[in-house]
1. Summing -39500 (n - 2.57) over the DSSP H runs of n ≥ 4 in the chain and dividing by its residue number, what mean residue ellipticity at 222 nm do you reach, to the nearest 500 deg cm²/dmol?
2. Find the Cα radius of gyration of the stretch 332-451, compare it with 2.2 N^0.38 Å by division, and give the number to two decimals.
3. Given C-alpha coordinates of the stretch 58-350, what is the ratio Rg to Rh with the Kirkwood estimate of Rh?
4. Which of the residue pairs Lys149/Lys217; Lys64/Lys229; Lys206/Lys359; Lys217/Lys281 have a Cα-Cα distance greater than 24 Å in the structure shown?
5. Suppose R0 equals 35 Å; then what is the FRET efficiency for Leu38 and Arg343 from their Cβ-Cβ distance, rounded to the nearest 0.05?
6. Checking the cross-link filter: which aspartates and glutamates have an alpha carbon closer than 20 Å to that of Lys362, excluding same-chain neighbours under 8 positions apart?
7. Can you tell me the Rg and the Dmax, both Å, for the Cα atoms in the stretch 50-203?
8. Mind checking which lysines have their C-alpha under 16 Å from Lys153, skipping anything on the same chain fewer than 8 residues away?
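Any read-out appearing in this document is the output of simple, stated calculations on the displayed coordinates, not a laboratory observation. Being a predicted model, the structure only gives us computed values, none of them experimental. We place every Cβ from the backbone using ideal geometry, glycine too, and count neighbours over all the protein chains shown.
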Amino acid sequence: MSRKPTLTSSSGKPYPTNETSKTAGARGPVLMEDHYLLEKLAHQNRERIPERVVHAKGWGLQGKFTVTQDITDYTCAKLFSEVGKTTEVLSRWSTVAGESGAADAERDVRGFSLKFYTEDGNWDMVGNNTPIFFIRDAFKFPDFIRTQKRHPKTNLRSPESMFDFWAGQPESVHQVTILMSDRGIPRTPAHMNGYGSHTFSLWNAKGERHWVKFHFKTQQGHDWLSDDKAAEIIGHTRESYQEELWHMIQDGNFPKWTLYIQVMKEEEALQTDFNPFDLTKVWPHKDFPLIEVGELVMDTFPENYFQLVENAAYNPSNVVPGIGFSPDKMLQARIMSYPDAHRYRLGTHYEALPANAPKLAKVNHYHKDGAMRFFTNDFGNPDAYYEPNQYDGPVADETADEPPLRIDPEAVAARFPQEEAEIDYVQPRALYAEVMDDAERDRLHRNMAGGMAPVSEPVKERWLAVLKRVHPDYEAGVRRALETGEHGEPSLPVTDDTPTKTEDA
Ligand code: NDP
């Protein structure tokens, strides 16, 4: 007798054959009653779910986080409660604009998302490989993303739209500078930093709140691809990240990051010379030094990509007691938008999927039916299906509430009127003039010119004017690269020749 398991239908019925359809006679038509065949075909038709509108192409690993320094003065979050404590983590890194089949080595911002399975529920750190973003108000987010995706008529990526949008949103120049710098094409996810990007808050057992930024610094060192190298790799393989991560894990060469935080006292938000809740700004290291917290090691390749990585749903709303939000407008919008996207993409009860279900916390909610209701509310009493009830069903715990805000966010925002604000140019100027060396600036000029090459003259001039306001050498360098053509191929994944450019644009 065979020791192999018996092949069954999804209802568990043994398969008599997995070779041929059931027909009426040797040459007759296939019978409707061949439900094995029908099930097989029907399943194949349903193997795809809607891909993410952004961050569709991703790579993920499993691993753990270990606390190396005591930060209990700042937070009562249990995952940080003692040095040496470890927490299981699921990561997903991604590009933003490309579809799920896009090449890994494209110039783009990378998503950097981590799900920490803590005993107080999951903490999702839904970050990027950049400490900032293109815009500070989510009202502009759908417009911005549309400029990064395909043009509605040509169905091609449109650099004209990208630079037109950026030129109309000069606050974006900080992030576009990082995008066009060496860090715009990391060699792999292991060779880049992760940033929480938004300002969050930490609160401690005494109810004191501090504002905080999260930084996961790569221990592999930054490594990046030039446009030419990336084009060569993409010509050879579109899956360079997945391949390299696979080999790293196979070889026991586990990628690691050190978690640091920057901390700001609650009232200090009223004194900084930049808006600490503006997602287009960093907190200068000299004023807010990095404080070490722990180490992230990703050491396991998921057994099934779709089950864990495609089904992974990260929500900035998933914080745990001891970690809170901030008045950052982009963060506030993501708190709504991410779970909304997941309910659309995965279904109402998506957080019951293995990738998303807490591993240490018991889930006790009164949500009722809907797609994927394949679990019971295990309260020990079926009568307790509403609240309040007389049957000892779950009740709220007011100690989980975060401390009240002691500052007025409007008073912070009012200090930074945004029309034509010089403040938007200060930090990109520091990055360009003080952080980058000559060689980095030279590559930035060429990369930027490569991206701009297909763009109409008026849009080029508008964007060059933004660069000039950052630094005259920036504009001059990019203009020179444009004029001499010393920029190689366009550095964004551009495939059109701006076909919708109008005569008088
Ligand atoms: P610092 O000199 O202390 O920090 C500069 C930081 O720049 C480095 O620590 C490094 O970040 C980062 N960096 C280096 N090369 C690049 C690049 N090509 N693209 C993006 N970041 C790069 O000065 P400040 O803290 O005063 O910041 C000066 C400028 O540096 C900022 O205006 C901002 O543009 C940029 N920056 C600042 C960060 C911060 O959190 N303060 C973080 C990242 C960039 P890292 O150490 O994280 O690798």
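1. Details: 12 runs with 132 residues, N = 505.
Value at 222 nm, helices only: -8000 deg cm²/dmol.
2. 1.84
3. 0.95
4. Correct reply: Lys149/Lys217; Lys64/Lys229; Lys206/Lys359.
5. 0.75
6. Glu88, Glu119, Asp120, Asp124, Glu351, Asp378, Asp383, Glu387, Asp392, Asp397, Glu398, Asp401
7. Cα only, the stretch 50-203: 17.6, 56 Å (Rg, Dmax).
8. List returned: Lys501.
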